[in-house]
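Worksheet for the structure shown next.
The values are calculated or read from the model by the stated rules, or taken from the named source; none is laboratory data. Everything quoted here is computed from the prediction, not taken from an experiment. Neighbour counts run over all protein chains shown; Cβ positions are idealised from the backbone, glycine included.
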Amino acid sequence: MRNIYKSLLGIIISALFIYLAFRGIDLRLMISYSSRYHAGPIALCIIGQLATQILHWIRWGLILRRLGQVTWGRVFIMGAIGNAALFILPARSGELVRPTLASRENEIDFGQASATSAIERIADGLLVSAILFVSLMAMKKEMALRSIYYSGLAFLAIILGGSLILFISNRYQEASVSVIRRAIGWLSSQWADRLVRLFNSFIQGIRLSSDSNILLPYLGLSIILWGMDIISIYWLFGTLSHKLPFIAALIVIAALALGSLVPSGPARLGVFEFAIAYSLGIFSVGPEEAVLFATLFHIIAVSLVLVLGILGLWLGRQWLKHSARNMGKSSLK
């Protein structure tokens, strides 16, 4: 029931943001803009988004392979399915898919796999915050909106708060375990034991992933990944009627990251369009053209993630069949 309520809340929020994004839009004018589109910028954006997805899998694989014996083929399968679930399922419930899939691998449990997602969120949050505030400082004062600035501050506060909790939990593991037992134990000792095991496993995953030999390449890949994402948006600016500065792509990617905090319906519908249209409005892009651009980019992102997710599911099934055959042959011998 809780998942149903979360989904309903996400759908209601999506409907609200769809209204905010499309209110007052002249659909005929919006369609007329689409007739001017060229294939070149769209093709470049698709290539850039594909490169971003591949870099995402490689970055996740760096930590995951530190936790257990996982082939790069399995990393692709789990990453493709997990990213599709994260993008499509409502209220960010897809966050649990990758850890769940990874916990089925040898030597990795759910707590350790969840640690990879926590590290990813913190690294991405800090990078996006840096992108946002550097962009706002570089913009003219009359262009930089207070709403984006304060939203960025709230976003950074959440990331830093999460990082602090993670640091304290890691540094004072025994005290944290004691707090969990006191908070949950009076309800159910079994639940307390399960949460303690999950917590200890999570902290172990954090520690195994904190090796400088892993973190430095991880941070480097994160910078390249976000750079590729930003460049793909800038390439898609080629569909607009007038040229936008590169800094506009930085503001768009930051607005999308801020919008990801809002629980919404499947594929972040509504929030995605509103975030892009709002940020493009800062650079005097008309509402019809801004919403059309946001819709086009959303279609590209969702289609690519869905195709890769379906491919991952198919490859996963083939891998299971192959493993079952090998097990059958081994039992016959």
Given (1) part of a helix (DSSP H, G or I); (2) free of Cβ contacts under 8 Å to residues at least 12 places away in the same chain; (3) not aliphatic (A, V, I, L, M), number of the condition Ser284 does not satisfy: (1)
Condition first: on the phi > 0 side of the Ramachandran plot and among the aliphatic types (A, V, I, L, M). Now tell me which residues in the range 216-271 satisfy that. Ala267
What is the number of the single condition among (1) in a helix (DSSP H, G or I); (2) out of contact with any His (no Cβ under 7 Å at 6 or more places or on another chain); (3) closer than 21 Å to Ser135 by Cβ; (4) modelled with pLDDT of 90 or more that Leu311 does not meet? (3)
Which of the residues that make up the range 258-274 are more than 17 Å from Tyr5 (Cα to Cα) and either in a loop (DSSP other than H, G, I, E, B) or at pLDDT 85 or above (or both)? Leu258, Gly259, Ser260, Leu261, Leu269, Gly270, Val271, Phe272, Glu273, Phe274
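Residues of the range 142-187 being among the aromatic types (Phe, Trp, Tyr) and either surrounded by 12 or more Cβ atoms within 10 Å (Cβ to Cβ) or closer than 28 Å to Ser201 by Cβ (or both), which ones? It would help to see each step written out before you state the result.
Of all residues in the range 142-187, those among the aromatic types (Phe, Trp, Tyr) come to 149-150, 155, 167, 172, 186.
Tyr149, Phe155, Phe167, Tyr172, Trp186, listed by residue number.
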Odd one out for Asp26 among (1) farther than 24 Å from Leu215 by Cα; (2) surrounded by 13 or more Cβ atoms within 10 Å (Cβ to Cβ): (2)
Could you check Phe17 against (1) outside any helix (DSSP H, G or I); (2) surrounded by 19 or more Cβ atoms within 10 Å (Cβ to Cβ) and say which number it fails? (1)
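Residues in the range 98-109 that are assigned to a helix (DSSP H, G or I) and surrounded by fewer than 19 Cβ atoms within 10 Å (Cβ to Cβ): how many?
The initial filter retains those residues of the range 98-109 that are assigned to a helix (DSSP H, G or I), namely 98-102.
Filter once more, so that each one left must be surrounded by fewer than 19 Cβ atoms within 10 Å (Cβ to Cβ): 100.
Residues meeting the conditions: 1.
Do we have any residue at all in the range 183-199 that's under 30 Å from Gln53 (Cβ atoms), at pLDDT 90 or above and hydrophobic (A, V, I, L, M, F, W, C)?
First, the residues of the range 183-199 that are under 30 Å from Gln53 (Cβ atoms): 198.
In the following step, the residues that additionally are at pLDDT 90 or above were identified as 198.
Now restrict to residues that are hydrophobic (A, V, I, L, M, F, W, C): 198.
Checking the range 183-199: at least one residue is under 30 Å from Gln53 (Cβ atoms), at pLDDT 90 or above and hydrophobic (A, V, I, L, M, F, W, C).
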Counting only residues that are over 16 Å from Gly281 (Cα atoms) and small (Gly, Ala, Ser), which one in the range 218-258 is surrounded by the most Cβ atoms within 10 Å (Cβ to Cβ)? Ser232
Residues that are closer than 25 Å to Gly82 by Cβ and either charged (D, E, K, R) or surrounded by fewer than 21 Cβ atoms within 10 Å (Cβ to Cβ) (or both), drawn from the range 273-294: Glu273
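Kindly evaluate Arg66 against the criterion of being among the charged types (D, E, K, R) and either more than 21 Å from the chain's Cα centre (by Cα) or more than 30 Å from Ser323 (Cα to Cα) (or both).
Numbers: among the charged types (D, E, K, R): yes; either more than 21 Å from the chain's Cα centre (by Cα) or more than 30 Å from Ser323 (Cα to Cα) (or both): yes.
So Arg66 passes the test.
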